[in-house]
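Participant: Here it is, the structure in full.
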Amino acid sequence: MDRKILIVGNWKMNLNVSQASLLVQRLHERIKIHRGVEIVLAPTMLTLQPVSTEIDRRKFRLSAQDAYSKDEGAYTGQVSFAMLRDLVSYCIIGHSERRIYFNETLDTVKEKVSAAVRNEITPIICIGETKIERQSGETKQVLHDQLTTAIADLTSSEIDNIVIAYEPVWAISTFGGEIAKPNDIKDIINFIRDQISHLYGLGTAKRIRVLYGGSVDDNTVTSYLEIPGCDGALVGGASLNYHKFSGIVDKASLVYQKSKIRIK
Ligand code: PEP
């Protein structure tokens, strides 16, 4: 493994300002600086600012969970990528909860990805099929459509700085939480890189970071991180529990160290 493992904790709509502050304190106590692991926290929009003043930036970076594609204007209730650009390094885009509960379309996701890149925020683009789509054999078609539309407006230099998170909807804890088999995930990660390779060439396909997400915790994370081509994990529920999240980071660090020994 020649790059850091990326672990992203998506807190979703959980934790008010004081609860978030408490979790950050606990994470600071538990997590040391890891050379081989990049740790990203994705608090709510409300808590991003206070959390940004509390984190040790040698340990943690920040992500938003969503933002609006226009930079400014009369869009009541929205916060733009332009407003977030000095605050966060990443933004999760196209999470299945946004696609399912907030009717985000392929085009909405595409516009948000472009807005993120325009504002120098790395998009973490979530793609994943539902259980019904999987059962009907549509997985690859769904992933192809989600992926290729999301990145359609990016230039070949912009494409290098995106992250793809494969999150089968049926494996996300709030949508069923089935435990995905690492072998199945390996096939899909290869499929994702093949799609990128087809559009942007092999070099780009190798460079792009691809994460897995879906009920990952400190017990299962190693089996996913050991999949060739898997660069990290997007963690939902377990990121709210500092024992589990720091355990995930420890396991990631071990996987990184082992991979270094193997390369030597
Ligand atoms: C998610 O919602 O992105 C996610 C991976 O959630 P969980 O880890 O709880 O399944």
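Participant: Does the range 17-43 hold any residues that are surrounded by fewer than 18 Cβ atoms within 10 Å (Cβ to Cβ) and in contact with a Leu (Cβ under 8 Å, 6 or more places away or on another chain), and which are they?
Facilitator: Passing the criteria: only Val17.
Participant: OK, next. Regarding the range 57-68, can at least one residue be identified that is polar (S, T, N, Q), crowded, with 17+ Cβ neighbours inside 10 Å and more than 14 Å from the ligand (Cβ to nearest atom)?
Facilitator: no
Participant: A further question on this structure: All but one of (1) on the phi > 0 side of the Ramachandran plot; (2) within 16 Å of the chain's Cα centre (by Cα) hold for Pro123, so report the exception by its number.
Facilitator: Single failed check for Pro123: (1).
Participant: Go through (1) free of Cβ contacts under 8 Å to residues at least 24 places away in the same chain; (2) away from the ligand (no atom under 16 Å from the Cβ) for Phe102 and report which single condition fails.
Facilitator: (2)
Participant: Just for strands (runs of 3 or more DSSP E) wholly inside the range 32-98: which have at least 2 residues that are small (Gly, Ala, Ser)?
Facilitator: Result: 60-64.
Participant: Could you check the range 141-158 and list, in sequence order, the residues that are outside any loop (DSSP other than H, G, I, E, B) and surrounded by 15 or more Cβ atoms within 10 Å (Cβ to Cβ)?
Facilitator: Val142, Leu143, His144, Gln146, Leu147, Thr148, Thr149, Ala150
Participant: Among the residues of the range 159-176, count how many are of a type outside the set (Val, Ile, Thr), crowded, with 16+ Cβ neighbours inside 10 Å and more than 9 Å from the ligand (Cβ to nearest atom).
Facilitator: 4
Participant: Among Ala150, Ala165, which is the only one that is out of contact with any His (no Cβ under 9 Å at 6 or more places or on another chain) and under 23 Å from Arg99 (Cα atoms)?
Facilitator: Ala150
Participant: Considering the range 221-242 alone, what residues qualify as being over 17 Å from the mean Cα position of the chain (by Cα) and either in a loop (DSSP other than H, G, I, E, B) or within 20 Å of Ile162 (Cα to Cα) (or both)?
Facilitator: Once the filter is applied, which keeps residues that are over 17 Å from the mean Cα position of the chain (by Cα) and either in a loop (DSSP other than H, G, I, E, B) or within 20 Å of Ile162 (Cα to Cα) (or both), the range 221-242 yields Glu226, Pro228, Asn241.
Participant: For the range 215-250, what are the residues that are within 9 Å of the ligand (Cβ to nearest atom) and in contact with a strand residue (DSSP E or B) (Cβ under 6 Å, 6 or more places away or on another chain)?
Facilitator: The answer is Val216, Ala233, Leu234, Val235, Gly236, Ser239.
Participant: For the range 86-103, enumerate the residues that are among the charged types (D, E, K, R) and buried (at least 17 other Cβ atoms within 10 Å of the Cβ).
Facilitator: The answer is Glu97, Arg98, Arg99.
Participant: Out of (1) at pLDDT 95 or above; (2) farther than 16 Å from Asn10 by Cα; (3) within 15 Å of the ligand (Cβ to nearest atom), what's the single condition that is false for Tyr212?
Facilitator: So the condition that Tyr212 fails would be (2).
Participant: Among the hydroxyl-bearing types (Ser, Thr, Tyr) and at pLDDT below 95: which single residue out of Thr149, Thr130, Thr122, Thr155 fits that description?
Facilitator: None of the other options fit; the residue is Thr155.
The values are calculated or read from the model by the stated rules, or taken from the named source; none is laboratory data. As the structure is a computational prediction, the values presented were derived from the model and not from experiment. For neighbour counting, all protein chains shown are included, and Cβ atoms are generated from backbone atoms with ideal geometry for every residue, glycine included.
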